[in-house]
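Asker: Pasting in a structure now, in structure tokens, and then I'll have a few things to ask.
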Amino acid sequence: MQTPVNYLARKHWKQTGAIVLIGGIYLLSSWILKFDGLSGIIAIPKAFSWLGVNFKPTANSVHFLPSIWQKLIGTVMLAIASTVVASLIAILVAIMGSKVTGGSSLVQTIVRGIASFFRNIPLVAWAMILLFSFKQSDFTGFLALLLMSVGYLIRAFMEIIEDEASETMLALKATGASYFQVIFQAVLPQIMPSLISWILYMIENNVRDATLVGILTGTGIGFVFDIYYKSFRFDAAGMTVLSIILVVIALEVLSNQIRKVIL
Amino acid sequence: MLEVKHLEKSYQKDKPALTDITFSVDPGTFVAIIGPSGAGKTTILRSLNQLIKDDGGQILLDGGDLRTANKTQLRGYRRQIGMVFQNYNLVERLTVIENVLHGRLGYKSTLAGMFGRYTEEEKQEAMTLLEKVGLEEFALRRCSELSGGQKQRVGIARSLIQHPKVILCDEPIASLDPASSRTVMQLLKDLTTEFNIICIANLHQIGLAKDYADKIIGIRQGKMVFNEDADALSEEILKTLYDQNVTEELD
Ligand SMILES: Nc1ncnc2c1ncn2[C@@H]1O[C@H](COP(=O)(O)OP(=O)(O)O)[C@@H](O)[C@H]1O
Ligand SMILES: [Mg+2]
């Protein structure tokens with residue numbers, strides 16, 4: 001017989017067991033990797049003070065600002081462009097693939113497969129693969145960001161359509177409206193706020209990622225950082241990082257404002 | 001006139017959701033469909049405009065069979081059948097008048113409908129209908145700002161602008177407070193008479209069904225157990241319908 005008391009006792013034991021298990025996995029893996037958690041943690045303050053001393057921008061690093069900001073703006077533009085194009089592709093594909101607006105279940109499965117394929121290849125891998133065909137150029141970075149964003153956005157947009165648009169869709173279908181009328185008059189207006197919210201999030205994310213991709217593709221702010229870093233001009237590298245942080249925070253504040261207005 | 005003959009539907013094999021549903025309704029009649037949850041009321045209503053594909057029978061609107069209609073013909077039938085939902089199913093982001101005008105989409109060319117190009121007469125009529133449901137002041141408000149009762153009246157205006165022969169209402173008042181419920185029921189009853197249309201509403205409130213409907217259809221486990229004038233609904237029948245004493249609810 002399951003009484004409340006022994007149900008609760010069992011639950012208690014399960015929780016304890018789970019904690020022990022997680023602890024065990026941690027110990028085992030740090031033993032296998034010869035990773036010493038404690039000395040790692042102790043080293044963190046030292047690492048930060050090293051960073052603070054070496055990466056601190058000086059009066060001298062101000063010289064670098066114009067070229068840093070020029071590249072930074074370029075990188076932000078790249079991120080925005082790739083996200084916007086990705087969003088347009090993703091919304092079309094998501095409409096074709098969602099359970100409520102989509103085609104046959106075969107089409108839905110294919111769309112899901114494609115989305116998951118693009119999403120699950122890491123960005124860095126995309127960049128490396130594309131480097132073969134497109135060499136070190138802005139376009140390589142653009143395409144790498146685009147492909148990964150498409151994967152994420154298709155999945156997100158399909159879920160939004162299924163969650164938010166199915167009821168209004170039904171209502172318009174019942175009036176005798178045709179498929180494209182339903183999409184334009186019900187589905188798109190209904191999901192627009194969530195859509196924009198996701199696009200903004202993706203832009204923020206892609207600005208950060210574009211930096212990383214730039215190191216590989218030799219373009220944009222990532223490239224600038226890489227050069228300063230490798231030529232030991234740490235103060236300029238620090239200035240670059242600071243600029244990136246500022247832009248990312250500014251973008252986040254801006255997109256939160258936009259969200260407040262549209263939601 | 002709407003005639004439903006031997007309508008059948010099962011979602012799973014050997015588990016019929018509807019068996020041999022047969023009834024007919026004349027214009028100007030308000031019909032309430034009552035019955036326990038899961039009895040098949042929604043299935044009946046959605047079969048009537050073929051949002052659900054049933055398995056057999058006939059659905060005749062002024063003699064024409066909806067069930068055998070092709071895509072274009074079905075669109076033609078659907079625009080003559082308005083539908084009102086429990087959750088209103090409006091595009092909340094759009095204004096009241098835009099939602100009302102959605103009822104015209106079935107009459108428009110694909111392009112004009114996609115981009116919401118409505119004629120002056122259509123806009124004028126939308127305003128007249130909003131007046132009729134008491135929302136003319138709200139025409140340019142977003143639907144998300146309205147109360148439940150107001151949203152439902154927008155839904156009703158949206159179905160009226162279709163110039164419907166039939167309005168189907170699936171639990172139109174299940175999300176409303178008692179006062180708004182009565183407003184909406186009275187509105188549906190008045191419109192039924194004024195426009196000489198057929199109004200079919202799934203209802204949970206037997207009391208309201210008796211007060212407002214002309215005819216009542218009782219459904220239990222997918223079968224019709226009652227189809228009479230509202231006055232003829234007795235305690236006896238309600239007992240068999242709900243398998244328990246529901247008379248308290250009538251008071
Ligand atoms: N999409 C569906 N798939 C499978 N079974 C369904 C589906 N919709 C309804 N049913 C079943 O059909 C029966 C009738 O449902 P419904 O018409 O929604 O009843 P009501 O509206 O009277 O509550 C129920 O037993 C329900 O579980
Ligand atoms: Mg129902």
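The values are calculated or read from the model by the stated rules, or taken from the named source; none is laboratory data. Just so you know, these numbers come straight off a predicted model, no measurement behind them. Backbone-built Cβ (ideal geometry, glycine too); neighbour counts: all protein chains shown. Keep in mind that these areas ignore ligands, DNA and RNA; they rest on the heavy atoms of the full protein, side chains included. Shrake-Rupley method; radii C 1.70, N 1.55, O 1.52, S 1.80 Å.
Asker: Specify which of the listed residues (B:Gly103, B:Gly116) is in contact with a Ser or Thr (Cβ under 8 Å, 6 or more places away or on another chain) and either within 14 Å of chain A (Cβ to nearest Cβ) or modelled with pLDDT under 95 (or both).
Answerer: B:Gly103
Asker: Quick check, is B:Pro164 in contact with a strand residue (DSSP E or B) (Cβ under 8 Å, 6 or more places away or on another chain) and within 16 Å of ligand 1 (Cβ to nearest atom)?
Answerer: When the stated conditions are applied, B:Pro164 does not pass them.
Asker: Another question, then. Condition test on B:Glu131, is it open to solvent by 30 Å² or more (accessible area, probe 1.4 Å), of a type in the set (Asp, Glu), closer than 17 Å to B:Leu191 by Cα and more than 9 Å from chain A (Cβ to nearest Cβ)?
Answerer: Taking the combined requirement at face value, the residue satisfies it.
Asker: Also: Given the criteria open to solvent by less than 30 Å² (accessible area, probe 1.4 Å) and either out of contact with any strand residue (DSSP E or B) (no Cβ under 7 Å at 6 or more places or on another chain) or without any contact (Cβ under 8 Å) to a residue 12 or more places away in the chain (or both), does A:Ser231 qualify?
Answerer: Taking the combined requirement at face value, the residue does not satisfy it.
Asker: For the range A:59-115, which positions are touching a Ser or Thr at 6+ places or on another chain (Cβ under 7 Å) and within 25 Å of A:Glu159 (Cβ to Cβ)?
Answerer: A:Ser82, A:Thr83, A:Ala86, A:Ile95, A:Val100
Asker: For the range A:191-199, does any single residue satisfy the condition of being open to solvent by 70 Å² or more (accessible area, probe 1.4 Å), part of a helix (DSSP H, G or I), over 25 Å from A:Arg119 (Cβ atoms) and in the same structural domain as A:Ile68 (by TED's automatic domain parsing)?
Answerer: No - not one qualifying residue is present in the range A:191-199.
Asker: Which residue pairs have Cβ atoms under 9 Å apart, sit 6 or more places apart or on different chains, and have a first residue in the range B:37-48 that is under 13 Å from B:Ile59 (Cβ atoms) and a second that is near ligand 2 (Cβ under 8 Å from one of its atoms) and open to solvent by less than 10 Å² (accessible area, probe 1.4 Å)?
Answerer: So the pair list comes out as B:Ile44/B:Asn202; B:Leu45/B:Asn202.
Asker: Hey, another quick one. Search the range B:199-216 for residues being surrounded by fewer than 24 Cβ atoms within 10 Å (Cβ to Cβ) and under 15 Å from B:Leu2 (Cβ atoms), and hand back the single one that is farthest from ligand 2 (Cβ to nearest atom).
Answerer: Only one residue tops the list, namely B:Asp214.
Asker: Name the single residue that is farthest from the other protein chains (Cβ to nearest Cβ) among those in the range B:81-93 being assigned to a loop (DSSP other than H, G, I, E, B) and open to solvent by less than 30 Å² (accessible area, probe 1.4 Å).
Answerer: For the range B:81-93, the residue satisfying everything is B:Tyr88.
Asker: Kindly provide the set of residues from the range A:109-142 that are of a type outside the set (A, V, I, L, M, F, W, C) and open to solvent by less than 30 Å² (accessible area, probe 1.4 Å), ordered by number.
Answerer: Those that are of a type outside the set (A, V, I, L, M, F, W, C) and open to solvent by less than 30 Å² (accessible area, probe 1.4 Å): A:Thr140, A:Gly141.
Asker: Still on this structure, I have one more. Looking only at the range B:150-198, filter to residues that are touching a residue at least 24 places away in the same chain (Cβ under 8 Å) and of a type in the set (Asp, Glu); which one of those is farthest from ligand 2 (Cβ to nearest atom)?
Answerer: Among those residues, the one meeting the criterion is B:Asp177.
Asker: Okay, moving on. Could you tell me which residue of the range A:1-32 is surrounded by the fewest Cβ atoms within 10 Å (Cβ to Cβ), considering only residues that are within 37 Å of the chain's Cα centre (by Cα) and among the aromatic types (Phe, Trp, Tyr)?
Answerer: A:Trp31
Asker: Is it the case that the range B:198-216 has a residue that's assigned to a loop (DSSP other than H, G, I, E, B), within 14 Å of another protein chain (Cβ to nearest Cβ) and within 16 Å of ligand 1 (Cβ to nearest atom)?
Answerer: So far as the range B:198-216 goes, no, none of its residues is assigned to a loop (DSSP other than H, G, I, E, B), within 14 Å of another protein chain (Cβ to nearest Cβ) and within 16 Å of ligand 1 (Cβ to nearest atom).
Asker: From the list B:Ala232, B:Ala179, which residue is farther than 23 Å from B:Leu51 by Cβ, of a type in the set (Gly, Ala, Ser) and in contact with a helix residue (DSSP H, G or I) (Cβ under 9 Å, 6 or more places away or on another chain)? If you could, list the steps in order and put the result at the bottom.
Answerer: Values: B:Ala232 fails: in contact with a helix residue (DSSP H, G or I) (Cβ under 9 Å, 6 or more places away or on another chain).
Exactly one of B:Ala232, B:Ala179 is farther than 23 Å from B:Leu51 by Cβ, of a type in the set (Gly, Ala, Ser) and in contact with a helix residue (DSSP H, G or I) (Cβ under 9 Å, 6 or more places away or on another chain), namely B:Ala179.
Asker: Hey, any hits in the range B:208-230 for a residue that's closer than 19 Å to A:Leu170 by Cβ and of a type in the set (Gly, Ala, Ser)?
Answerer: no
Asker: Quick check, is B:Met83 within 16 Å of ligand 1 (Cβ to nearest atom) and on the phi < 0 side of the Ramachandran plot? Give the steps one after another, and end with the answer.
Answerer: Details: within 16 Å of ligand 1 (Cβ to nearest atom): yes; on the phi < 0 side of the Ramachandran plot: yes.
Answer is yes for this residue.
Asker: Filter the strands (runs of 3 or more DSSP E) completely within the range B:1-72 down to those with at least 1 residues that are more than 8 Å from ligand 1 (Cβ to nearest atom) and open to solvent by 30 Å² or more (accessible area, probe 1.4 Å).
Answerer: Strands (runs of 3 or more DSSP E) meeting the threshold: B:2-12, B:15-25, B:56-61.
Asker: Can I ask one more? Here are A:Asn120, A:Asn60: which of them is of a type outside the set (Lys, Arg), in contact with a helix residue (DSSP H, G or I) (Cβ under 9 Å, 6 or more places away or on another chain) and without any contact (Cβ under 8 Å) to a residue 40 or more places away in the chain? Can you show your working first?
Answerer: Details: A:Asn60 fails: without any contact (Cβ under 8 Å) to a residue 40 or more places away in the chain.
Checking each option against the conditions leaves just A:Asn120.
Asker: When you scan the range A:159-171, do you find a residue that is buried (at least 23 other Cβ atoms within 10 Å of the Cβ), part of a helix (DSSP H, G or I) and either more than 14 Å from chain B (Cβ to nearest Cβ) or within 17 Å of the chain's Cα centre (by Cα) (or both), even just one?
Answerer: Within the range A:159-171, not a single residue is buried (at least 23 other Cβ atoms within 10 Å of the Cβ), part of a helix (DSSP H, G or I) and either more than 14 Å from chain B (Cβ to nearest Cβ) or within 17 Å of the chain's Cα centre (by Cα) (or both).
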